[in-house]
Amino acid sequence: MSSPKYKRVLLKISGEVLGGKNGGLDYDAINSVATQVADAAKTGVDLALVVGGGNIIRGTEAQNFGVARTTADYMGMLATVINSLALQAVLEERYNLQTRVQSAIKVSSVAEDFIRRRAIRHLEKKRIVIFAAGTGNPYFSTDTAAVLRAIEIQADLMIKATKVDGVYDKDPKKYADAKRFESISFRNVLEKRLQVMDSTAIALCMDNNLPIMVLNIFEQGHIVDAIMGKPVGTLVHSGE
């Protein structure tokens with residue numbers, strides 16, 4: 001296998017991907033994700049992960065039932081810890097990979113506290129680091145947390161693995177004539193209000209020149225292709 005284009009990559013996985021069709025924890029879905037993560041690790045890239053918690057709880061839904069926003073956000077953070085531990089278990093038991101879960105909120109019985117220098121050291125030792133619990137603060141999405149961690153570990157690329165094969169000018173599920181971009185600038189994403197990530201996350205990427213590759217995680221091999229620099233999904237970048 002040829003050398004990867006990127007030395008260090010952070011992979012953002014939505015929680016819904018781990019929930020399969022029924023939500024909760026779908027271990028077939030988790031194993032499918034773990035297979036792609038294991039293949040990505042074989043390229044020799046330094047690999048970190050951030051997993052959402054939407055398959056277990058969505059903060060907006062909790063708020064609709066009267067749960068305070070702050071409490072709902074902390075519930076979501078704990079959901080990401082559950083997902084991170086589930087993915088860690090499959091990666092270690094089935095694929096014999098060394099992993100570490102680092103949490104932004106203290107759950108020391110099951111995960112390390114997030115310490116940037118320790119995380120980088122794990123990556124240098126080719127351990128997969130799974131960052132859990134978002135930023136540790138309410139009012140910030142897991143997308144923003146993923147960008148923040150990617151910047152902190154000096155990642156060369158952030159991959160956002162979703163159920164969609166890239167960024168479109170409008171919802172491809174609703175509009176048959178939706179156009180997919182092969183590449184697009186951060187500025188255009190903000191101006192067109194495209195639903196790539198929240199505006200805070202996009203602004204962080206733009207300010208720190210962190211490119212994002214948006215791709216469909218259910219397309220086997222696309223994560224490896226992105227790491228190797230092959231054209232998949234949509235590349236969001238600083239250029240025009």
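Data for the structure
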| quantity | calculated |
| --- | --- |
| Single match in LEU18, LEU10 (criterion: aliphatic (A, V, I, L, M) and over 11 Å from ALA161 (Cα atoms)) | LEU18 |
| Single residue of segment 203-240 satisfying the filter (in a helix (DSSP H, G or I) and in contact with a strand residue (DSSP E or B) (Cβ under 8 Å, 6 or more places away or on another chain)) that is farthest from ALA41 (Cα to Cα) | CYS205 |
| Residues that are surrounded by 22 or more Cβ atoms within 10 Å (Cβ to Cβ) and either in contact with a strand residue (DSSP E or B) (Cβ under 8 Å, 6 or more places away or on another chain) or free of Cβ contacts under 8 Å to residues at least 24 places away in the same chain (or both), drawn from segment 124-149 | ILE128, VAL129, ILE130, PHE131, ALA132, ALA133, THR142, ASP143, ALA145, ALA146, VAL147, ARG149 |
| Members of segment 22-71 found to be assigned to a helix (DSSP H, G or I), surrounded by 21 or more Cβ atoms within 10 Å (Cβ to Cβ) and either acidic (Asp, Glu) or more than 16 Å from the chain's Cα centre (by Cα) (or both), listed by number | GLY59 |
| Close pairs (6 angstrom Cβ cut-off, 6 or more residues apart or separate chains): closer than 13 Å to GLY134 by Cα in segment 95-111, acidic (Asp, Glu) and surrounded by fewer than 21 Cβ atoms within 10 Å (Cβ to Cβ) anywhere | GLN102/GLU112 |
| Qualifying residues in segment 150-166 (those that are in a helix (DSSP H, G or I) and not acidic (Asp, Glu)) - the one farthest from ARG8 (Cα to Cα) | ILE151 |
| Residue count, segment 167-186 (criterion: in a loop (DSSP other than H, G, I, E, B), over 10 Å from VAL236 (Cα atoms) and either in contact with a Lys or Arg (Cβ under 7 Å, 6 or more places away or on another chain) or of a type in the set (D, E, K, R) (or both)) | 8 |
| Matching option when the condition is modelled with pLDDT of 95 or more, assigned to a helix (DSSP H, G or I) and closer than 30 Å to GLN63 by Cα, among VAL101, VAL110, VAL147 | VAL147 |
| Contacts under 8 angstrom Cβ, first residue in segment 3-27 being without any contact (Cβ under 8 Å) to a residue 60 or more places away in the chain, partner in a loop (DSSP other than H, G, I, E, B) and among the charged types (D, E, K, R), 6 or more apart | GLY19/ASP26; GLY20/ASP26 |
| The lone exception for ILE120 - which of (1) over 15 Å from the mean Cα position of the chain (by Cα); (2) within 22 Å of ASN55 (Cα to Cα); (3) among the β-branched types (Val, Ile, Thr) it fails | (2) |
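The values are calculated or read from the model by the stated rules, or taken from the named source; none is laboratory data. No experiment lies behind these values; they were computed from the predicted model shown. Neighbour counts are summed over all protein chains in view; Cβ atoms, including those assigned to glycine, are modelled from backbone coordinates with ideal geometry.
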